[in-house]
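A.B. asks: Sending over a structure as structure tokens; questions will come in a sec.
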Amino acid sequence: MSNTSSLAPVATALPWIRLILGMGAACALPFFITNYHVFQASLVLCYAIALVGLNILIGYSGQISLGHGAFLAIGAYTTAVLMDKFDMPYWMTIPIAAAVCLAVGFLFGLPALRLEGHYLALATFALAVALPQLLKFKHLEFLTGGVQGIVIMKPESPFETLFGLKLNSDRWLYFFTLTVTVIMFVIGWNLIRGRIGRALIAIRDQPIAAASMGINTPLYKSLAFGVSAMFTGVAGALSAILVAFVAPDSFTVFLSITLMVGMVIGGVTSLPGALYGAIFIQFIPNIADQISKAAPWAIYGVMLILFMYAMPTGIAGALRLLGQKIRPHNA
Amino acid sequence: MKKRQFALSALCLSLIGFAMPASAQKKYDPGASDTEIKIGQTMPYSGPASAYGTIGKVQAAYFKQLNEQGGVNGRKINFISLDDGYSPPKTVEMVRRLVEQDEVLLMMGTLGTPSNTAIHKYMNAKKVPHMFLATGASKWNDPQHFPWTIGFNPNYHSEGKLYAQNILATKPNAKIAVLFQNDDYGKDYFNGFKEGLGAKAASMIVAQASYEVTDPTIDSQIVTLKGSGADTFFNITTPKFAAQAIRKVDEVGWKPTHYLNQVSASVGSVLKPAGLDKAVGLISMLYVKEGSDVRWENDATMKDFKALLKKHAPEVSPDDGNATYGYAVAQMMVQVLKQAGDNLTRENIMKQAANIKDFQIPMALPGVLASTSPTDFALFQTMQLVKFDGKNWIDYGKPASVK
Amino acid sequence: METFIHQVVAGIATGGVYASLALALVMIYQSTHHINFAQGEIAMFATYMAWTLINAGVSYWLAFVCTILLAFTLGVLIQRIIIQPVEKAPVLNVVVVFIGLLVILNSIAGWVFTYTIKSFPSPFPKEPPFGLHFISSHELGSIGVTLVLLVLLYGFFKFTPLGLAMRASAQNPDSSRLVGIRVGWMLALGWGLAAAIGSVAGMMIAPVVFLEPNMMSGILLYAFAAALVGGIDSPGGAVLGGFIVGILENLLGAYVIGTELKLSVALVLIIVVLTIKPAGLFGKVIVSRV
């Protein structure tokens, strides 16, 4: 016992050191890779935010959603409409998209929470399927652009250089996305550690006990839905700015399924898991395409299944297990 | 001494002078070199529109065979076609990769209206030729604002107008029902159709119904349209739904004058599955040769095409309309490259594309010529209406000029 | 009025399509307590197997029977090889495996058979029944086949010892093992039967919607909705749910909201039904005691 006490400060500092190194690497990244890869990295960050949202709902709150693509769409369209029709600067649209999705998610959660398991899955699935149709609806066309979608002006970088390093549109947007990602992760982390997180875990694991302890179950469940929708909405808003185009075709049911897959592969109930999952869903299809031109999605499917066999707790879970094996055993 | 030095330098200079023009003639932009031309493309090889993937497959086969025969002006074509799953964000990602990482010279035949809309501004900002788009949307013909984009397909809007004008000419008191796919392509056709009917549109169109690509069947829509008592039917559907519609119309005992959009006019991939006997009397528009048409049995380019499929793409049927279409686009592309010669800058490629003078694409119908000018990027100025006789599409009237 | 009847009958016909796939979903749920998202793709793949046989010259009914047997084998193999390793895993992991399976089957079908639509023959006569135009003989015949399947399925689960063993394995694997039931093989059997039912559904659906790899994706959602509306553990409920969804969709599209929003409204209505009756119209409400 006594010989581990000298390692104790290192052990507590280790996660912080890892975090600072990670942030440093993330900030240096865009200057070492091509603009195209910077664009891809920004997309990964978007997905990561969305997966944190999904994590809060499915992992911590124990509900299920097969329709979170709908909130990506709502966030993206909010940004697109505000930028296109109201000439709002892009950074201002993010909090508004967040607020809209929080409201919509909460309102959807209120009736939906009466359903459990498969039924909730169907309800969310239905939302994802129905939303593109709503976006194409001719009476909303004046706002949504209907089937044509909305083309946005990609924002330019306000600064030419940063500490002597050249900043172009892609790099600027990467840093913007990174900032928003960090903010969202901090919010997520606080939520999970705080009262709300504990309440959600209580509801998930022992719903009856939680209710008898005075936790307002319906309220918290709907709140979980709203918060998770908010995260996904922010991700959607960011992706709209990055891609500079929104259309109903961008938000198919497959997108919702991809989000869920990413969350499970990354690691349910794990914040870093969101990042791993995002990297998976962004890059594995491209890799699969390179392995087999004939049936790339078959390769993707095989990888999904193999990941589930090899890492049932997700990549984050596997890394955690690995870390435990490497770390010296404490008495 | 001075004289010899002078003569020597004069000799050197003149030698250089002779050498210079030869290297000045070869101009390359990224993606072009002495040995290869890189062409990029995105195609939905997966997802809801994956049936169109045949187009990319046939084009890849065409270029492969062309390379075996020496390529274009001695250069091999490096054709990189990536899957975008018909999702615009994926298209953006893949196109950025092709332009920024693979550094292709130009993009050819990118498919889909939303996919192309997503990259429209980007391609023009980057000044990379965005050529021969596989979509008939009207917005691609805008050389003033988008000088780097040139479409291929005859305009959906104009085609819809053509059918409307035909109805006004042959059946001015017709009661029309319209079925359309609820997206950009469907609405483009419908809008052109309504424009063609002009003031009479509201009175002549007695029923309209839409469907989503995710709908399993369109039976209910056909029942509604029949129930409206219409005697003319404008069918704006993609191949799978066109086949369903043709069959259902027959099943419910409805016998309207049936106009079918060109996108689904393929005998092999639409009419045969639906039932050739049910498709008799269908009116549509053709501009590319049909693989199943007996007229082209001994046609040189059709024979080449069938041999190509047998050798390099045996899973593709020659009767598939997508296959002949892809072949025609590839032929047009090769023509532009030939015209460009050794000046393979992007600017020159666009210049050549804007100056196609009455070119008969071998796979296009005889008489359907491709022409462009710097102010008008629409490739086809005329469209030919056709009627189905149970076996083949027969010319119906004279080629009509469209604007 | 005629159009109204026509819409209702067309709705029943389309509903029959949803019902047949919903039966397969119910089958897999009753035997494994999982909802298999890949069920549609298995059915589609089986239909392609039938198509290959018919194209090779085999007669329709022989191909029909062979396909059912092949599909059964495929289902059993999938369960034993792919699903069994994740049996004890959390539900979400199983769902991801299902999605992986879905994507694999879809992609392989597209690669081997291409994405161009193919026509699939129907065993029923081409002329419409009684000369009426409301419904085709095939659609009427398909509904008949679905009802026969329904009766067989209901009888199997209610009255045979094997059916009882399967239900027990799904509900309480541990107790079932104690009674001597080979739970692993019960699950495999369930998958096999579900695949077989799915193959029949596919062979009935393909003549209507044309055979192509994405044939089932639109139908799966409606089949899912139908199964849940009717009660996921009730075969009769699922079939009735299918008809209800089919008719509802048609009538909404034709008379209430127009085709541009009918999908959204249909789904909203289904969710409303579920909030009022959370276990579906005919499902059993499970009351858990604390």
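A.B. asks: Collect the residues in region A:269-280 that are under 17 Å from A:Tyr60 (Cβ atoms), within 12 Å of chain C (Cβ to nearest Cβ) and either without any contact (Cβ under 8 Å) to a residue 40 or more places away in the chain or surrounded by 22 or more Cβ atoms within 10 Å (Cβ to Cβ) (or both), keeping them in residue-number order.
C.D. replies: A:Gly277
A.B. asks: With respect to C:Ile197, determine if the residue is closer than 23 Å to C:Gly15 by Cβ, away from chain B (no Cβ under 13 Å), within 12 Å of the chain's Cα centre (by Cα) and in a loop (DSSP other than H, G, I, E, B).
C.D. replies: On the way: closer than 23 Å to C:Gly15 by Cβ: yes; away from chain B (no Cβ under 13 Å): yes; within 12 Å of the chain's Cα centre (by Cα): yes; in a loop (DSSP other than H, G, I, E, B): no.
Considered against the rule, which asks whether it is closer than 23 Å to C:Gly15 by Cβ, away from chain B (no Cβ under 13 Å), within 12 Å of the chain's Cα centre (by Cα) and in a loop (DSSP other than H, G, I, E, B), C:Ile197 comes out as no.
A.B. asks: Can you find even one residue in region B:352-362 that is buried (at least 17 other Cβ atoms within 10 Å of the Cβ), in a helix (DSSP H, G or I) and not assigned by TED's automatic domain parsing to the domain that holds B:Gly268?
C.D. replies: Yes, there is a match, as at least one residue in region B:352-362 is buried (at least 17 other Cβ atoms within 10 Å of the Cβ), in a helix (DSSP H, G or I) and not assigned by TED's automatic domain parsing to the domain that holds B:Gly268.
A.B. asks: Another one. Going through region B:117-134 one residue at a time, which ones are over 13 Å from A:Ala244 (Cα atoms) and crowded, with 24+ Cβ neighbours inside 10 Å?
C.D. replies: B:Val128, B:Pro129, B:His130, B:Met131, B:Phe132, B:Leu133, B:Ala134, listed by residue number.
A.B. asks: Criterion first (more than 30 Å from C:Ile82 (Cβ to Cβ) and either of a type in the set (Ser, Thr, Tyr) or in a loop (DSSP other than H, G, I, E, B) (or both)) does C:Phe134 satisfy it?
C.D. replies: On the way: more than 30 Å from C:Ile82 (Cβ to Cβ): yes; either of a type in the set (Ser, Thr, Tyr) or in a loop (DSSP other than H, G, I, E, B) (or both): yes.
Criteria met by C:Phe134.
A.B. asks: Same structure, new question: With the structure loaded, tell me whether C:Ile135 is more than 14 Å from chain A (Cβ to nearest Cβ), in contact (Cβ under 8 Å) with a residue 60 or more places away in the chain, under 30 Å from B:Trp254 (Cα atoms) and buried (at least 17 other Cβ atoms within 10 Å of the Cβ) or whether it fails that test.
C.D. replies: On the way: more than 14 Å from chain A (Cβ to nearest Cβ): yes; in contact (Cβ under 8 Å) with a residue 60 or more places away in the chain: yes; under 30 Å from B:Trp254 (Cα atoms): yes; buried (at least 17 other Cβ atoms within 10 Å of the Cβ): yes.
When the stated conditions are applied, C:Ile135 passes them.
A.B. asks: From (1) within 20 Å of the chain's Cα centre (by Cα); (2) surrounded by fewer than 22 Cβ atoms within 10 Å (Cβ to Cβ); (3) part of a helix (DSSP H, G or I), pick out the condition that doesn't hold for C:Ser122.
C.D. replies: (3)
A.B. asks: Kindly indicate whether C:Leu153 is modelled with pLDDT under 90, crowded, with 20+ Cβ neighbours inside 10 Å and part of a helix (DSSP H, G or I).
C.D. replies: On the way: modelled with pLDDT under 90: yes; crowded, with 20+ Cβ neighbours inside 10 Å: yes; part of a helix (DSSP H, G or I): yes.
Answer is yes for this residue.
One line per residue, one yes/no per condition, for (1) touching a helix residue (DSSP H, G or I) at 6+ places or on another chain (Cβ under 8 Å); (2) outside any helix (DSSP H, G or I); (3) charged (D, E, K, R):
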{"site": "A:Val147", "(1), (2), (3)": "yes, no, no"}
{"site": "A:Ser157", "(1), (2), (3)": "yes, yes, no"}
{"site": "A:Trp172", "(1), (2), (3)": "no, no, no"}
{"site": "A:Phe175", "(1), (2), (3)": "yes, no, no"}
{"site": "A:Thr179", "(1), (2), (3)": "no, no, no"}
{"site": "A:Met184", "(1), (2), (3)": "yes, no, no"}
{"site": "A:Pro218", "(1), (2), (3)": "yes, no, no"}
{"site": "A:Ala224", "(1), (2), (3)": "yes, no, no"}
{"site": "A:Phe231", "(1), (2), (3)": "yes, no, no"}
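A.B. asks: Right, next: Across region A:281-296, which residue is surrounded by the most Cβ atoms within 10 Å (Cβ to Cβ) among those that are within 11 Å of chain C (Cβ to nearest Cβ) and touching a residue at least 12 places away in the same chain (Cβ under 8 Å)? Steps first, answer last, please.
C.D. replies: Of the residues in region A:281-296, the ones within 11 Å of chain C (Cβ to nearest Cβ) are A:285, A:288, A:292-296.
Filter once more, so that each one left must be touching a residue at least 12 places away in the same chain (Cβ under 8 Å): A:285, A:288.
On the way: A:Pro285: 19, A:Ala288: 22.
Among those that are within 11 Å of chain C (Cβ to nearest Cβ) and touching a residue at least 12 places away in the same chain (Cβ under 8 Å), it is A:Ala288.
A.B. asks: Please pick out the residue among C:Lys284, C:Lys277 that is modelled with pLDDT under 75, charged (D, E, K, R) and closer than 17 Å to C:Ala238 by Cα. Walk me through it before giving the result.
C.D. replies: Values: C:Lys277 fails: modelled with pLDDT under 75.
Of C:Lys284, C:Lys277, the one residue that is modelled with pLDDT under 75, charged (D, E, K, R) and closer than 17 Å to C:Ala238 by Cα is C:Lys284.
A.B. asks: Scanning region B:240-266 for residues that are away from every other protein chain (no Cβ under 11 Å) and either out of contact with any strand residue (DSSP E or B) (no Cβ under 9 Å at 6 or more places or on another chain) or modelled with pLDDT under 90 (or both), which turns out surrounded by the fewest Cβ atoms within 10 Å (Cβ to Cβ)?
C.D. replies: Looking at the filtered set, the residue picked out is B:Lys255.
A.B. asks: Considering only region C:210-257, how many residues are crowded, with 24+ Cβ neighbours inside 10 Å, more than 10 Å from every other protein chain (Cβ to nearest Cβ) and free of Cβ contacts under 8 Å to residues at least 40 places away in the same chain?
C.D. replies: Result for region C:210-257: 0.
A.B. asks: Can you tell me which residue among C:Ala109, C:Ala89, C:Ala71, C:Ala170 is of a type outside the set (Val, Ile, Thr) and free of Cβ contacts under 8 Å to residues at least 60 places away in the same chain? Let's see the steps before the verdict.
C.D. replies: Working: C:Ala109 fails: free of Cβ contacts under 8 Å to residues at least 60 places away in the same chain; C:Ala71 fails: free of Cβ contacts under 8 Å to residues at least 60 places away in the same chain; C:Ala170 fails: free of Cβ contacts under 8 Å to residues at least 60 places away in the same chain.
One residue alone meets the criteria, C:Ala89.
A.B. asks: Another question about this same structure. Can you pull out every residue in region A:88-99 that is among the aliphatic types (A, V, I, L, M) and more than 16 Å from A:Met184 (Cβ to Cβ)? Quick ask: steps written out before the conclusion?
C.D. replies: Here is the first cut: in region A:88-99, the residues among the aliphatic types (A, V, I, L, M) are A:88, A:92, A:94, A:96-99.
Residues satisfying the conditions are A:Met88, A:Met92.
A.B. asks: Taking region C:95-118, which residues are facing chain A (nearest Cβ under 9 Å), among the aliphatic types (A, V, I, L, M) and surrounded by 19 or more Cβ atoms within 10 Å (Cβ to Cβ)? Outline the logic, then answer.
C.D. replies: Taking region C:95-118 and keeping what is facing chain A (nearest Cβ under 9 Å), we get C:95-97, C:99-108, C:110-112.
Then keep just the ones that are among the aliphatic types (A, V, I, L, M); that gives C:95-97, C:99, C:101-105, C:108, C:112.
Correct list: C:Val95, C:Val96, C:Val97, C:Ile99, C:Leu101, C:Leu102, C:Val103, C:Ile104, C:Leu105, C:Ile108.
A.B. asks: Of the residues A:Phe106, A:Phe142, which single one is on the phi < 0 side of the Ramachandran plot, assigned to a helix (DSSP H, G or I) and out of contact with any helix residue (DSSP H, G or I) (no Cβ under 8 Å at 6 or more places or on another chain)?
C.D. replies: Working: A:Phe106 fails: out of contact with any helix residue (DSSP H, G or I) (no Cβ under 8 Å at 6 or more places or on another chain).
Answer to the selection: A:Phe142.
A.B. asks: Next question. Of the residues B:Ala242, B:Ala207, which single one is under 28 Å from the mean Cα position of the chain (by Cα) and free of Cβ contacts under 8 Å to residues at least 40 places away in the same chain?
C.D. replies: On the way: B:Ala207 fails: under 28 Å from the mean Cα position of the chain (by Cα).
Going through B:Ala242, B:Ala207 in turn, just one is under 28 Å from the mean Cα position of the chain (by Cα) and free of Cβ contacts under 8 Å to residues at least 40 places away in the same chain: B:Ala242.
A.B. asks: Specify the residue that is nearest to C:Ala194 (Cα to Cα); the eligible residues are those in region C:42-61 that are assigned to a helix (DSSP H, G or I) and small (Gly, Ala, Ser). Working first, answer last.
C.D. replies: Applying the first criterion (assigned to a helix (DSSP H, G or I)) to region C:42-61 yields C:42-55, C:60-61.
So of that shortlist, the ones also small (Gly, Ala, Ser) come out as C:43, C:46, C:50.
Values: C:Ala43: 9, C:Ala46: 12, C:Ala50: 17 Å.
The selected residue is C:Ala43.
A.B. asks: Another question, then. Determine, yes or no, whether C:Ser142 is hydroxyl-bearing (Ser, Thr, Tyr) and more than 21 Å from C:Leu220 (Cα to Cα). Please lay out each step first, then the result.
C.D. replies: Working: hydroxyl-bearing (Ser, Thr, Tyr): yes; more than 21 Å from C:Leu220 (Cα to Cα): no.
Criteria not met by C:Ser142.
A.B. asks: Note down all Cβ pairs under 8 Å where the first residue falls in region A:299-317 and is facing chain C (nearest Cβ under 9 Å) and free of Cβ contacts under 8 Å to residues at least 60 places away in the same chain, the second is surrounded by fewer than 20 Cβ atoms within 10 Å (Cβ to Cβ) and not in a helix (DSSP H, G or I), and they're at least six residues apart or on different chains.
C.D. replies: A:Ile299/A:Ser292; A:Met308/C:Ala89; A:Pro312/C:Ala89; A:Pro312/C:Pro90
A.B. asks: Is it the case, given these coordinates, that A:Leu19 is modelled with pLDDT of 90 or more and not basic (Lys, Arg)? Reasoning before the result, please.
C.D. replies: On the way: modelled with pLDDT of 90 or more: no; not basic (Lys, Arg): yes.
It is false that A:Leu19 is modelled with pLDDT of 90 or more and not basic (Lys, Arg).
A.B. asks: Name every residue in region B:388-403 that is under 15 Å from B:Asn155 (Cα atoms) and either without any contact (Cβ under 8 Å) to a residue 24 or more places away in the chain or in contact with a Phe, Trp or Tyr (Cβ under 9 Å, 6 or more places away or on another chain) (or both), in order of residue number.
C.D. replies: Result: B:Ser401, B:Val402.
A.B. asks: Inside region C:8-31, can you point out the residues that are crowded, with 24+ Cβ neighbours inside 10 Å and either outside any helix (DSSP H, G or I) or within 14 Å of chain B (Cβ to nearest Cβ) (or both)?
C.D. replies: C:Ala10, C:Gly11, C:Ala13, C:Thr14, C:Gly15, C:Gly16, C:Val17, C:Tyr18, C:Ala19, C:Ser20, C:Leu21, C:Ala22, listed by residue number.
A.B. asks: Quick check on this structure: which one of B:Met131, B:Met43, B:Met107 is modelled with pLDDT of 90 or more, within 14 Å of chain C (Cβ to nearest Cβ) and in contact with a Gly (Cβ under 8 Å, 6 or more places away or on another chain)? I'd like the intermediate steps shown before the answer.
C.D. replies: On the way: B:Met131 fails: within 14 Å of chain C (Cβ to nearest Cβ); B:Met107 fails: within 14 Å of chain C (Cβ to nearest Cβ).
Exactly one residue qualifies, and that residue is B:Met43.
A.B. asks: On the basis of being buried (at least 22 other Cβ atoms within 10 Å of the Cβ), more than 10 Å from chain C (Cβ to nearest Cβ), modelled with pLDDT under 95 and in contact with a Phe, Trp or Tyr (Cβ under 8 Å, 6 or more places away or on another chain), does A:Gly266 make the cut? Step through it out loud before you land on a result.
C.D. replies: On the way: buried (at least 22 other Cβ atoms within 10 Å of the Cβ): yes; more than 10 Å from chain C (Cβ to nearest Cβ): yes; modelled with pLDDT under 95: yes; in contact with a Phe, Trp or Tyr (Cβ under 8 Å, 6 or more places away or on another chain): yes.
It is true that A:Gly266 is buried (at least 22 other Cβ atoms within 10 Å of the Cβ), more than 10 Å from chain C (Cβ to nearest Cβ), modelled with pLDDT under 95 and in contact with a Phe, Trp or Tyr (Cβ under 8 Å, 6 or more places away or on another chain).
A.B. asks: If you don't mind, there's one more thing I want to ask. Take C:Phe45 and tell me if it is more than 23 Å from C:Phe157 (Cα to Cα), surrounded by fewer than 23 Cβ atoms within 10 Å (Cβ to Cβ) and not aliphatic (A, V, I, L, M).
C.D. replies: On the way: more than 23 Å from C:Phe157 (Cα to Cα): yes; surrounded by fewer than 23 Cβ atoms within 10 Å (Cβ to Cβ): no; not aliphatic (A, V, I, L, M): yes.
In short, no.
The values are calculated or read from the model by the stated rules, or taken from the named source; none is laboratory data. As the structure is a computational prediction, the values presented were derived from the model and not from experiment. Here Cβ is always computed from backbone atoms with ideal geometry, including for glycine, and neighbour counts include all displayed protein chains.
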